[in-house]
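Before any comments, here is the structure.
The values are calculated or read from the model by the stated rules, or taken from the named source; none is laboratory data. Every value quoted in this text rests on a predicted model; they were computed, and no experiment measured them. Cβ placement follows ideal geometry from the backbone for every residue including glycine, while neighbour counts extend to all protein chains displayed.
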């Protein structure tokens with residue numbers, strides 16, 4: 001995670017700059033300037049998002065059923081329809097306020113991490129000197145970890161919300177681009193740093209509790225939460241379960257929304273939470289469709305943990321062509337104007353694309 005952090009910050013800041021300048025997501029910008037590539041990329045984004053969405057719904061439902069009882073599949077339906085309703089009923093500014101408050105539930109992961117005994121010296125050493133087996137499963141895990149943080153759906157949603165801001169926030173259109181660049185940088189650094197710390201807390205908690213106890217084959221999110229009980233106690237298990245549900249409530253609308261953005265913009269249709277339903281029926285219809293397919297996946301026996309891992313692997317592989325096109329777009333002053341990338345950010349963006357390409361090639365080599 002310390003290695004990923006500067007890369008994810010760079011990719012998200014560049015995506016936000018594209019959204020601010022073009023008034024559309026990175027998919028819309030790709031459709032305008034590289035139309036031959038957009039349909040394949042949009043289709044893969046939608047596919048990976050829907051699989052990820054379905055896995056998240058399954059994880060949330062399994063955890064809730066383990067904590068309070070009740071039918072897991074009913075919870076899947078309720079969570080899926082509730083998340084779709086959240087996006088359809090809220091406009092941009094309301095969505096931002098609601099998700100800001102929901103994000104406080106992510107503190108649950110920190111509470112869980114600090115409820116266990118952590119050998120900090122070992123943790124800090126291996127945070128900067130990782131021990132990763134260079135075999136197929138090890139490299140696939142690396143691609144999944146990086147692919148869930150440097151992910152196309154995050155590029156799409158970051159740029160789409162930045163575009164929505166122009167149409168929703170009073171005075172946003174008149175914002176000087178130099179001020180926009182500073183705001184985007186502060187927001188991106190803050191948001192991505194918190195996200196990385198949350199991921200770090202989850203990883204450390206699992207590493208110092210589950211793995212030493214020999215729990216290395218987690219099939220469901222409920223099993224992961226329950227496996228923590230011997231090391232952390234019932235309260236920490238419940239708090240961790242609350243974190244899974246809360247993070248799912250944040251993630252599912254983002255996954256459905258970015259899938260809908262990718263579909264609609266690839267087809268040249270209006271998108272965005274700044275628009276009412278009557279102005280963007282295809283966008284909102286795609287949100288509902290994504291959630292319905294995600295719900296359906298839980299009725300055909302998918303393993304939610306494996307689906308999460310492999311959707312992250314797909315995102316890791318897909319991020320390579322998306323990042324390359326994003327960097328080509330962001331490098332054109334004719335498009336970016338006064339939000340053209342400064343040299344340091346451009347270099348970090350290209351480094352991110354190169355790193356993703358190297359680990360993607362390494363994974364494909366192990367599969368050959």
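For (1) buried (at least 22 other Cβ atoms within 10 Å of the Cβ); (2) touching a helix residue (DSSP H, G or I) at 6+ places or on another chain (Cβ under 6 Å); (3) outside any helix (DSSP H, G or I), each residue gets a yes or a no:
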residue: 5; (1), (2), (3): no, yes, no
residue: 10; (1), (2), (3): yes, yes, no
residue: 21; (1), (2), (3): yes, yes, no
residue: 32; (1), (2), (3): no, no, no
residue: 40; (1), (2), (3): no, no, no
residue: 58; (1), (2), (3): yes, yes, no
residue: 64; (1), (2), (3): yes, yes, no
residue: 67; (1), (2), (3): no, yes, no
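Against the condition over 15 Å from the mean Cα position of the chain (by Cα), assigned to a helix (DSSP H, G or I), at pLDDT below 95 and over 24 Å from residue 352 (Cβ atoms), how does residue 76 come out, does it pass? Answer is yes for this residue.
Within the set of pairs 6 or more residues apart or between chains, which connect a residue that is on the phi < 0 side of the Ramachandran plot and at pLDDT 75 or above inside region 232-244 to a residue that is surrounded by 21 or more Cβ atoms within 10 Å (Cβ to Cβ) and not in a helix (DSSP H, G or I) with Cβ atoms less than 7 Å apart? As it stands, the answer is 240/228, since those pairs meet every condition given.
Take the conditions at pLDDT 90 or above, part of a helix (DSSP H, G or I) and out of contact with any strand residue (DSSP E or B) (no Cβ under 6 Å at 6 or more places or on another chain) and apply them to residue 205. Does it pass? Spelling it out, it is not the case that residue 205 is at pLDDT 90 or above, part of a helix (DSSP H, G or I) and out of contact with any strand residue (DSSP E or B) (no Cβ under 6 Å at 6 or more places or on another chain). Taken over region 114-129, residues that are touching a residue at least 12 places away in the same chain (Cβ under 8 Å) and closer than 16 Å to residue 205 by Cα amount to 7.
If you go through region 299-337 and pick out every residue that is modelled with pLDDT of 90 or more and under 22 Å from residue 62 (Cβ atoms), you end up with 1. Those helices (runs of 4 or more DSSP H) of region 283-368 in which at least 2 residues are touching a residue at least 24 places away in the same chain (Cβ under 8 Å) and closer than 25 Å to residue 254 by Cβ, considering only elements entirely within it, cover 304-330, 343-367. Has region 81-96 got at least one residue that is closer than 18 Å to residue 243 by Cα and within 22 Å of the chain's Cα centre (by Cα)? Within region 81-96 (the criterion being closer than 18 Å to residue 243 by Cα and within 22 Å of the chain's Cα centre (by Cα)), the answer is yes, since at least one residue qualifies.
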